[in-house]
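Data block below; observations after.
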Amino acid sequence: MAIFYDFLGSVTKLGLEKLSQRNLPKTQGNIKLKGLKESVEIIRDEWGIPHIYAKNTEDLVFAQGLVHAQDRFWQMELNRRVATGTLSEVFGEGALEVDIAARTFGFARLGKADLKLLPKHLKQLLKCYVKGVNAYLKLHQHKLPVEFTLTQHQPKKWTLLDTMAFSRLMAWQLSHAWQSQLVRTQIEEKVGHAAAHEIDIRYSKENPSILTATGDVDKLCQSNLLKGTHHPLLQQNGGSNSWCISPAKSTTGHAILANDPHLTLSAPAIWYENHLNCPDFEVTGASIPGFPLVMIGHNTHISWGITLAFTDCEDLFLEKIRKNDKNLVQYLFKEKWRKATVIEEKYVVKGQEKPHIAQVISTHHGPIISEVIGETTHCFSLQSNALQVGQIFRSWWQLNQAKNWTDFVHAMSFMDAPQLNMIYADVKGNIGHWVTGKVPVRAKGDGRVLAEGWSGECEWIGNVPFKEMPHMYNPEKGYIITANNKAVTDDYPHYLGESWMNGYRAKRLEDLMAQKRKVSLLDCEQMQNDVHSVAAEGFVQLFQELYVELNQVRNKTYEKALHLLVSWDGQLTIDSSAASIYTLTKYQLIDLLFKELLGEELTKCFQGSGLQDPGLATTNEFSGHDTVTLLRLLNDTDSWWVNRIGGRVEVLKKSLMGAVEWLKNHFGHDHIHRWHWGALHRVVFKHAMSVKKPLDQAFNVGPLPIGGDHDTPLQTTASDRKVMNEGLISTSYRQIIDMGNLANSKAILPPGQSGHIGSEHYQDQVEAWLKGSARPMLWTREQVEVYKKTSLLLKPKIKVPKY
């Protein structure tokens, strides 16, 4: 059966590739298009990356909309349907839950409200982008990507609302921390407060914070470098690695900026590289199809990168809801019943004659999300700064045009969401960092657990002032590292949350940085691909300390595994057997300590699995903290969780033996030196169509063996929390920017630039990405000409008057 399935998959792939090739967009020659003012040249290089040369900004953005659609329109169609809650129109009832969630959170409603705040000139730019997308649809209405043929779906025109709703979806997906509140509450209900507190999220004191002292903030708040934030318009302001290095610390004598955002890997990639050039400004880097400009990259003057900040900008409230005798929905607040906001939503579902009708109910805190998370007995509302009206597009526009630190800060002031660590470097040698996104100030409590919405005691009473958000400018140590780790020290005056990631990647990067007197571009590339685990060092040390007691089991395979583990260097390479033993032992530890009391589903949530449909969120804020918790419990001789199993020696014995037995059964032999990590740990770039077999074999890229885990700088963590995993969160894009010579910068985008399965650029960057290498990030016109593959000239289509 497996042989037949493989054969069917191969035949399907061959057929779809040929069909896709017939529908590839035009990239060579001339096209006349309505909506252009002047001609635009689009040069695509050897990797299919477009370099757009326009004579004005509006034509530049028009052309970006065109190339986004040319290479990624199926992806854009899915993105807008997720954001607007209309997936079930194409995919039927199976997508209805995602649609209900999207409309409950209200991404389209927020996008519409955001649009009203935009200045006229920015709204006009968005219209130009939309015109570019629709120019593609008009040209290719009968030659769309092959996915449209498979689904028998004909897309509608792209709209301003599609782009704005999608921007809202992105902002919300990158914001945190309501899921951890629910997980924390559920754990406490299972085991009580004391036991739950013992395994709660706690940041290890051995791991670094981004700001090393509160004075870093205080000094800058008093500096005139913040003068840009006093603009009148600013009075309304409320998983990844990145680092920037000062000229004194770099071998180039200029600043260096590196960034590798960690997201769920997919085919096509989340990001889309493009180089935009017009007389007003020039910028290059990673964009997201459906949204104009550049999200990560550099312009002529500055470069920037992003990591998630994991500040706490969300709270769950337990609400009391009722319908009165007039069928009016009300909620209790401070002993009075208030009228709830009720919106009736109609969902057109493919295959159903009548639309599905559901209500979105909101209190002043936010939407009731109980149905979204499968809660039937309680009403939860979500208050989130990512679900507030804002000026996201304005922020990115200002950033793309920024010329210095003041301009950068000004751009950050408009970014009410998402919550990001934004790092900065410029051609003059300055480096900096700013945490974006509004963080609430609460009247009472810290938002770690569910609040009683009716009491009024835990209301939000404002936000942390923008100029007091964590930031640095030219720190004395000569570099800044962010890896989703704790942003501030304990003496920081505002509460930002406790949901930072565990800090092991940051610790490893700090150690590597400290080893070098000067850091080169090659050093940065090696740091991005480092697979050494600081967390693993802690486990190895524990096994070394208890080696005599642990080495009492009369089992030769167990003895060999124990010996291999205690002599391991902590490198999770694909050929490491110790990495397999270490990881399986951790999984066994988690099952042994928690599964009996928490149950299987809550144990997965404790490990970081998302609480809702993976189309919206794959993880929660507990992700990665199981490792910290295990080390803390095992090093605490008084741990209730460990002692109830018989103490740490007994726990470690059982877990290691369980790992050995699992590996023997999986590999079919006890030759432990052949239990390679790469045989278990593989990456698949999954396509949306892969849910239907054998389309997975046609569209997916992989499986491919890869090193690392959640705690290594090269993060490769399983979103499904399975031992045999292929859906990984990892480096979705890598860039290293040389601010002394922008043409010397590098980048890599896996699996490739194109979303067309029949394109040579569908997966042409995977091999280099796996090897840890990168390709030139072309900047000068001379460079672009050297690597030029095709040239497309867009000309304005002039309407000839009739006489």
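Quick notes
- By DSSP, the beta bridges lying fully in the chain are antiparallel in about 85 percent of cases.
- The tail of the calculated P(r) for region 399-439, taken as Cα-Cα distances beyond 12 Å, holds 57 percent of the pairs.
- Of the residues ARG644, ARG674, ranked by 1.4 Å probe accessible area with the largest first, the sequence reads ARG674, ARG644.
- Given charges at Cβ of Lys, Arg, Asp, Glu: region 719-773 dipole, positive-most of TRP769, HIS756, THR731: THR731
- 10 Å binning of all Cα-Cα separations within region 4-131, expressed as whole percents from 0 upward: 10, 26, 30, 24, 8, 1
- FRET E, pair LEU19, ASP325, Förster distance 41 Å, beta-carbon r, rounded to 0.05: 0.10
- Local electrostatic count, ASP670, Cβ distance below 13 Å [Lys/Arg +1, Asp/Glu -1]: +2
- Proximal charge balance of LEU714 [Cβ under 14 Å; K/R count +1, D/E count -1]: -1
- Cβ-placed point charges (K, R +1; D, E -1), dipole of region 602-717 about Cα centre in debye, nearest 20: 360 debye
- With Rh defined as the Kirkwood radius, the inverse of the mean 1/r over Cα pairs, the Rg/Rh of region 591-746 is 1.04.
- Restriction of the GluC sites (Glu not before Pro) in region 418-525 to DSSP coil positions whose beta-carbon has at most 11 other beta-carbons within 10 angstrom yields GLU476.
- For the pair LYS346 and LYS156, a Förster radius of 22 Å applied to the C-beta separation gives a FRET efficiency near 0.85, rounded to the nearest 0.05.
- Calculated from the alpha-carbon coordinates, region 682-803 shows an Rg and a Dmax of 19.6, 74 Å respectively.
- Summing Lys and Arg as +1 and Asp and Glu as -1 over all other residues whose Cβ lies under 11 Å from the Cβ of LEU36 gives a net charge of +4.
- Overall, the accessible surface of the chain at a probe of 1.4 angstrom is composed of carbon and sulfur to the extent of 51 percent.
- Each Lys and Arg contributes +1 and each Asp and Glu -1, all at the Cβ; summed about the Cα centre of the chain, the dipole is approximately 3000 debye.
- Cross-link reach is defined here as a Cα-Cα straight distance under 30 Å, omitting same-chain residues fewer than 8 places apart; for LYS653 the lysines meeting it are LYS190, LYS205, LYS507, LYS556, LYS560, LYS586, LYS595, LYS604, LYS664, LYS722.
- Accessible surface, per residue, of the chain when the full set of protein chains is kept, probe 1.4 Å, Å²: 39 Å²
- ³J(HN,Hα) computed for each position of region 62-70 - Karplus, 6.51 cos²θ - 1.76 cosθ + 1.60, integer Hz, glycine/proline x: 4, 5, 5, x, 5, 5, 3, 5, 4
- Cα lying deepest toward the dipole's positive end in the chain, options LEU589, TRP271, HIS681, charges on Cβ: TRP271
- Spin-label model, ASN643 to LYS55: label points 7 Å out along the Cα-to-beta-carbon direction sit 8.1 nm apart.
- Annotation: extensible slack from GLN552 through ARG781 equals 75.6 nm (criterion: 0.36 nm per residue apart, minus Cα-Cα distance).
- Here the label points at GLU545 and GLN515, each 7 Å from Cα along the C-beta direction, are separated by 2.5 nm in the simple model.
- Over the chain, DSSP H runs of length four or greater, each weighted -39,500 (n - 2.57), average out per residue to a 222 nm ellipticity of -10500 deg cm²/dmol.
- Here the ratio of the Cα radius of gyration of region 396-506 to 2.2 N^0.38 Å is 1.22.
- Surface accessible to a 1.4 Å probe, THR376 within the full protein complex, Å²: 130 Å²
- Cα-centre dipole for region 127-184 with unit charges at Cβ (Lys and Arg positive, Asp and Glu negative), debye to 20: 200 debye
- Over 18 Å (Cα to Cα) - which of LYS37/LYS157; LYS34/LYS131; LYS403/LYS438 fall in this group: LYS37/LYS157; LYS403/LYS438
- Signed unit charges on C-beta, dipole axis of the chain, positive-most listed residue GLY94, GLY253, TYR424: GLY94
The values are calculated or read from the model by the stated rules, or taken from the named source; none is laboratory data. All values reported here derive from a predicted model rather than from experimental measurement. A quick note on method: Cβ atoms are made from the backbone with ideal geometry, for glycine too, and the neighbour counts reach across all protein chains shown. For the accessible areas, the whole protein counts, side chains as well, though only heavy atoms, and no ligand, DNA or RNA atoms are used. Shrake-Rupley method; radii C 1.70, N 1.55, O 1.52, S 1.80 Å.
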